[in-house]
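Taking it in order: structure first as structure tokens, then the write-up.
Rule-based calculations on the coordinates, nothing more; no lab input. Since the structure is predicted, the reported quantities are computational estimates derived from the model, not experimental observations. Virtual Cβ from ideal backbone geometry, glycine too; neighbours counted across all protein chains shown.
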Amino acid sequence: MSQPESMAMKPEPFSVQVSEQTLDDLKARIHSTRWPDDPGNQDWSYGVEANYLRDLSHDWAEHFDWRAVEARINAWDNWRVEIDGIPIHFLRVAGKGPAPRPLILTHGWPWSFLDMERVIAPLTDPAAHGGDAADAFEVIVPSLPGYGFSGPVPRAGLSFWQIADLWHRLMTEVLGFNRYATSGGDWGALISSQLGHKYADHLLGVHIMHPMLLDQFNSTMPWNVAARAWDTQTKLPESITKFAAHFAVHVLDPQTLAYALNDSPVGLLAWLLERWRAWGDTRDENGQKTGDPERVFTREHMLANATIYWVTGTAGSSMRAYADAARQPWSPSHNRTPVVEAPVGITFVGGENPVGVATQDRAQLFAKGPRAAFFNTTYLNAHERGGHFGYFENPEAVVHDLRAMFRI
């Protein structure tokens, strides 16, 4: 007998408890890796360089302390709830201030909820982090369906705009907030924008780090970032080519790759590492890109995220988000303009500047560009430091902009 929806939507306390058997198996698989040859790849031009990956994998097996990460995760209030048959894991951290605003933070790929770790405390307790208690938020950090502890997803075909419906029900029906704020990057930006499009009356505002159009997967070749964004008769900049293989595989045949990533932890780590290195801001003090992922992430953070994907077996289900976005085209909920009606704030970071564009010109360039009319923009700011993973790379910028936007 199935549970009534009201019962199924009751959140239950959750704690992360990975078994020793799972961790022992992970270590054994790392040690038994069949390593390929890697000649002439010192510059990573063929993909992830073997010596670096060997060293990082050795740390994963011999030195990385998952139990310390696990304890840090469990120090937060973790919950799980089922909405429409979809399991959702989320953190809920109370705000410390006179009137904390409810805020849902949404990650992307290859992120996890841990990528929001550095912004949680200053957002929830601003007075303890050099701010004003009046700026406090109550922070909700879910794991996307099919990612980490929100896995596995029991059915195929869940697109980002459908996840926005789940998030709205989580915030209103499950947690009881009539109005709330939302912030996100990557998939989180699309989901937050969809919330601001469909549920504007319930939104205090939308903050995003990547102002993408909601119909970007509606093209005839959604896997081809070059065809979507650039004249293919000219040489494409690295800012586009670094996404090419990622989009093509994830949109066209993610399940094929899933067999390898779900069986080999080193294979999984390599696929994640390529994105962390290519998309993060690895520039040195002189603005030159170094290609060193540890200018962006600590080794512990990279290995913690890889472990979350590994122990939950969600590499494959997380990658399907792209294919599902292409197979479930977005359609508008109304024909009013701007498309995203809720107030929108956007944070830009220098590591993602378009070719030839300086950080100080980024906001003005957007305001004059074709995408501006899509959003009800009320706040724009640009920061020199940070890349695709801005919440982890430059948490001070994100916290500053969220406070400033919702103070207006």
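Show me, for the range 341-353, the HN-Hα J-couplings you get by feeding each phi into the Karplus relation (A = 6.51, B = -1.76, C = 1.60, θ = phi - 60°), rounded to Hz, glycine and proline as x.
7, 5, x, 10, x, 10, 10, 9, 10, x, x, 10, 4
Can you give me the relative contact order of the chain as a percent, contacts being Cα pairs under 8 Å and 6 or more apart?
18
Just to be sure I understand: of the beta bridges DSSP finds with both ends in the chain, what percent are antiparallel, rounded to 5?
Bridges in the chain that DSSP calls antiparallel: roughly 35 percent.
Quote the charge dipole size of the chain about the Cα centre in Debye, to the nearest 20; the model charges only the Cβ of Lys and Arg (+1) and of Asp and Glu (-1).
Rounded to the nearest 20 debye, it is 980 debye.
Can you give the FRET efficiency to the nearest 0.05 for Met212 and Ala71, using r as the Cβ-Cβ distance and R₀ = 25 Å?
0.10
If you stretched the chain out fully between Ala121 and Leu257, how much longer would it get, using 0.36 nm times the residue separation minus the C-alpha to C-alpha distance?
45.3 nm
I'd like the projected area of the range 278-362, averaged over all directions, using the convex hull of its alpha carbons. Report it in nm² with one decimal.
9.4
Using helices alone, what [θ] at 222 nm do you get for the chain, with -39,500 (n - 2.57) per DSSP H run of 4 or more residues, divided over all residues and rounded to the nearest 500?
-11500 deg cm²/dmol
Top mean-square fluctuation among Gly130, Gly345, Gly151, Gaussian network model of the chain, C-alpha springs under 10 Å?
Per the Cα network of the chain with a 10 Å cutoff, Gly130 tops the list.
How far apart, in nm, are two points set 7 Å out from the Cα along the Cα-to-Cβ line at His334 and at Met221?
3.6
Based on the Cβ-Cβ distance from Asn41 to Asp201, what FRET efficiency comes out when R0 is 56 Å, to the nearest 0.05?
Taking R0 as 56 Å, the efficiency between Asn41 and Asp201 is 0.55.
If you add up the charges near Leu170, with Lys and Arg at +1 and Asp and Glu at -1, over every other residue whose beta carbon is less than 13 angstrom from its beta carbon, what do you get?
Value of the local net charge: 0.
Lys289 to Thr359: extension gain in nm, 0.36 nm per residue of separation minus the Cα-Cα distance?
Once the chain is fully extended between Lys289 and Thr359, it gains 23.6 nm.
Any idea how far apart Ala244 and Ala94 come out in nm if each label point goes 7 Å out from Cα toward Cβ?
5.3
Multiply the residue separation of Ala404 and Ser19 by 0.36 nm, subtract the distance between their alpha-carbon atoms, and state the gained length in nm to one decimal.
Answer, rounded to one decimal: 134.3 nm.
Placing one identical point scatterer on every Cα of the range 5-407 and ignoring solvent, what is log10 I(q)/I(0) from the Debye formula at q = 0.09, 0.11, 0.12 Å⁻¹?
-0.52, -0.80, -0.98
Which parts of the range 269-311 would a label at Asn51 reach, counting a residue when its backbone N lies under 16 Å from a point 7 Å out along Cα-to-Cβ?
Only 291-293 pass the distance filter.
Place +1 on the Cβ of every Lys and Arg and -1 on the Cβ of every Asp and Glu in the chain, take the dipole about the Cα centre, and give the residue among Pro370, Gly350, Val398 whose Cα lies farthest towards its positive end.
Pro370
If you count, for each residue, the other Cβ atoms within 10 Å and average over each peptide, how do 102-113, 204-215, 361-372 line up from highest to lowest?
102-113, 204-215, 361-372
Simple spin-label model, 7 Å along Cα-to-Cβ: Glu62 to Thr33 in nm?
Reported label-point gap for Glu62 and Thr33 is 1.3 nm.
So which of Lys198/Lys368; Lys10/Lys96; Lys10/Lys198 end up more than 27 Å apart, counting from Cα to Cα?
Among Lys198/Lys368; Lys10/Lys96; Lys10/Lys198, the Cα-Cα distance tops 27 Å for no pair.
For a quick check: with amide H placed at 1.01 Å from N, whose amide H comes under 5 Å from Ala181's, ignoring anything fewer than 5 positions away on the same chain?
Excluding prolines and chain starts, which carry no amide H, the hits are Leu103, Ile104, Leu204.
Which whole-angstrom value gives the distance between the alpha carbon centres of the range 296-351 and the range 59-75?
Here the answer is 25 Å between Cα centres.
Using +1 at the Cβ of each Lys and Arg and -1 at the Cβ of each Asp and Glu in the range 122-274, identify which of Tyr259, Ala128, His168 lies farthest towards the dipole's positive end.
Value: Tyr259.
Check which residues have an amide H placed less than 5 Å from His107's amide H, if you skip close sequence neighbours.
Leu144
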